[in-house]
Amino acid sequence: MTAMFTAAAGGTLSFPGGFVWGAATAAYQVEGAAGEDGRGTSIWDVFAHTPGRVAGGHTGDVACDHYHRYRDDVRLMRELGLGAYRFSVAWPRIQPTGSGPVNAAGLDFYDRLVDELLAADVSPYVTLYHWDLPQPLEDRGGWTERDTAHRFADYARIVHDRLGDRVGTWITVNEPWVVSVLGYGIGAHAPGRASWRDAFQASHHLLLAHGLGARALRDAGAREIALTLNLAPVTTPGRLDDPEAALSAEDAAAVDLVDCLINRQFLDPVLRGEYPAAVLDVVERAAGLGHIRDGDLETVNQPLDLLGVNYYNPCVVSAEPGEPANPAYPGTEGIRFGDAYAPKTAMGWPIVPTGLTRLLVRLSRDYPQVGLLVTENGAAFEDTVSGEHVHDADRIAFLEGHLRAAHTAVDAGADLRGYLVWSLLDNFEWAEGYGKRFGIVHVDFDTQRRLPKDSALWYRDVIRNNGLRAGRARRPTLEEVAARAGVSRSTVSRVINGEAAVSPEFREVVMNAVTELGYVPNSAARSLVTRRTESIALIVPDGARAGDPLFAAAVDAAGRELERAGKRVTLMFVGSPADRSRVERHLAAGHVDGALLLPARGSDPLPGALAGTGVPVVSLGRPPAAVALPYAGTDDAGGAAAAVGHLLGRGRRRIATIRGPVDLAAARDRFDGYRNALRDAAFRSADAVGDLGRASGAAAMRELLAADPSLDAVFVAGDLMAAGALHALREAGLRVPEDVAVVGFGDEEDAAYAVPPLTTVRVPWADQVLAAVRLLLRQIGGGPSSSVILPTELVVRSSS
Ligand code: FCB
């Protein structure tokens, strides 16, 4: 598979004729208008309005106001050339109490939406259940109640009666695994229950709802019927890199069980009319089998036209004797859930496009009777609006990688009929609220202004070409900037190198072209006009402290390594705007060949300014998302997840965190890693913020203890803060680790000498600096500039 992927990467990739290109949303995530036109209350209204359930206390009350702005949104879809729009119908708009009387105004809205879409040449793809169960049905047991499946079939019929003459494709249910596991098993989603008996009853009844609904739709004459599943290829760390790698019998058993729980629990009943034996074993232990009645599986196993595939990332597991079960996967004792060691999205999800190839090929091989439609694929990144643009190069790279992977699957025989990006709009990302932006169109939630991101414009071209053009998505070149500005290459080069000889008018047209195109200057631009200086600047932004281990390692290793390469190092501290312009001028004037930049705060304009000087700059640690600087970073999220996994493995359940400054990328990654690990494990998170210093660690620890005296572990995002936390715990008369286990981050010098010696996540500081220096030297030499992420490692001592 890998070989084919590479082979295809260079050329033009066309998708089969008739391939469907579109985008998806879901009612509660975009509509808003929660109290309008007779809409009833859903479990997500109740959940989101319950304090502590959704990040930031966000709700879908207003969301993207799509309910009122759908005309503008459809116009946007037409401009982007979408062939299909997948939206969901809010059940409580149609039947406010979930059964009985129909609310005509609710149906009218979807009727208008469908007409608007058809007039714009966009095919409506309707999802009937995307998680907003009417609360009155939840009050009667929700999905644990068999009757809910019958109510769903009634509702499906009602919607089809009204829209069936114009809607061809019907998706019954979206992601029953997420509904049952996150909603009923661990309570991270609505309705927020935490019972495995409930979860397995819910998953069976959701399948039954699909079957009854599909039958009702078929009887009513629906053309194309589908079910959408969240599917993940399950693999081992070794096989992630090499699909042919040998698999031990224990690892194979681990892969098989987890595959059964995530994928086959749903695929097999729907497409084969049976549950895998391994699933029945787990279900029987957790919930008994009384809720699975004779004849149910025949009902579930309705003929299906399309399988909707939602792919975000693979699942990596291996056999590990003694490992406790993953709380989201009952029955997985002795299986370790690992990290994919790949770059991550803002959700902390690893980016592994080849997983999509594997998944699609496997589906067409194992379930050849059903066509495939990617109903969701996409990514959240931290977007920045600059003027009228969002240069979301990360998202373009993500989408392009996945489309190439999908194409490889088609070549290998997968029956893939279309691709719908998640999502058309930034929207309410469930328990994450509005913080995570998945849209190809940016939404300003204060003004509701829509702004197509670069990814939307790129996607428009993909749709126009029915595929990808030769070569990978790339940044614009100096030539393109010159052409856009109507000047010569060397004028562009002189402007971006800050040469005084260019007139202000030229400077302005060039800089406009630079921003419009999202041009990122590189060493080639600079070398047009300057010669090497054999000097390197080591730039220390405001807030990076001399006591920081990265700082010490950087000065030390950079000094040595650069000397070996025959370069001089100039240390430059930036504490004020005046310092910043001095550094910018220094670089732009060509006094150095390149610069190494220590981690800057999210709000610091310095990285952006340096990226604009035209001099090669490499960042130590991930720069703020909007800044396109190559970097050498460490897997902070993975390290944090390992720390939390370790605490869970030691039986800790009330695990708080002391996070670092929120505007420091590494600190945010550690926090994401912590939160995702706890969320996967279905435990609540609690956090306090420190500034990485010892005193702030102590203060944060006191704050956490005051909020929850029964906490039994704390993950601290820095060793100095951890030392402070140990102090505060001692002060409160608590024993470490008997009462509270502590894990730090960094494995800084004092960690091993703390009392008790600190369990921590080792960061390879020196290697990181070395990697950054090499990257910089390569770039100065005109070589490639791809970032490097180094693994971290948990070091267990006595504090946990
Ligand atoms: C899927 C959901 C969708 C969206 C994406 C990010 O699980 O179906 O609504 O939230 O994840």
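The values are calculated or read from the model by the stated rules, or taken from the named source; none is laboratory data. All figures in this text were calculated on a predicted structure; none of them were measured in a lab. Note that each Cβ is placed from the backbone with ideal geometry, even for glycine, and that neighbours are counted across all protein chains shown. With ligands, DNA and RNA removed, areas are computed over all heavy atoms of the protein, side chains included. Shrake-Rupley method; radii C 1.70, N 1.55, O 1.52, S 1.80 Å.
Structure above, values below:
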| quantity | calculated |
| --- | --- |
| Some residue of the stretch 776-790 being among the small types (G, A, S) and either touching a Phe, Trp or Tyr at 6+ places or on another chain (Cβ under 9 Å) or at pLDDT 95 or above (or both) | yes |
| V421 vs. criteria within 15 Å of the ligand (Cβ to nearest atom) and either over 18 Å from K344 (Cα atoms) or of a type outside the set (K, R) (or both) | yes |
| Qualifying residue in the stretch 531-539 (condition: assigned to a helix (DSSP H, G or I) and either at pLDDT 75 or above or within 18 Å of V583 (Cβ to Cβ) (or both)) | no |
| Single unsatisfied condition, L117 versus (1) under 16 Å from H205 (Cα atoms); (2) of a type outside the set (S, T, N, Q); (3) assigned to a helix (DSSP H, G or I) | (1) |
| Single unsatisfied condition, L297 versus (1) part of a strand (DSSP E or B); (2) touching an Asp or Glu at 6+ places or on another chain (Cβ under 7 Å) | (1) |
| Wholly within the stretch 592-704, strands (runs of 3 or more DSSP E) carrying at least 2 residues that are surrounded by 21 or more Cβ atoms within 10 Å (Cβ to Cβ) and at pLDDT 90 or above | 594-597, 617-620, 631-634, 655-659 |
| Qualifying residue in the stretch 292-305 (condition: more than 17 Å from D366 (Cα to Cα), away from the ligand (no atom under 16 Å from the Cβ), within 33 Å of the chain's Cα centre (by Cα) and surrounded by 22 or more Cβ atoms within 10 Å (Cβ to Cβ)) | yes |
| Looking only at the stretch 345-372, and only at residues there that are of a type outside the set (S, T, N, Q) and open to solvent by 50 Å² or more (accessible area, probe 1.4 Å), the one that is nearest to the chain's Cα centre (by Cα) | W349 |
| Residue list for the stretch 307-333, restricted to those being more than 16 Å from the ligand (Cβ to nearest atom) and part of a strand (DSSP E or B) | V316, V317, S318, A319 |
| Positions within the stretch 244-253 being within 24 Å of W349 (Cα to Cα) and either within 16 Å of the ligand (Cβ to nearest atom) or buried (at least 16 other Cβ atoms within 10 Å of the Cβ) (or both), in sequence order | D251 |
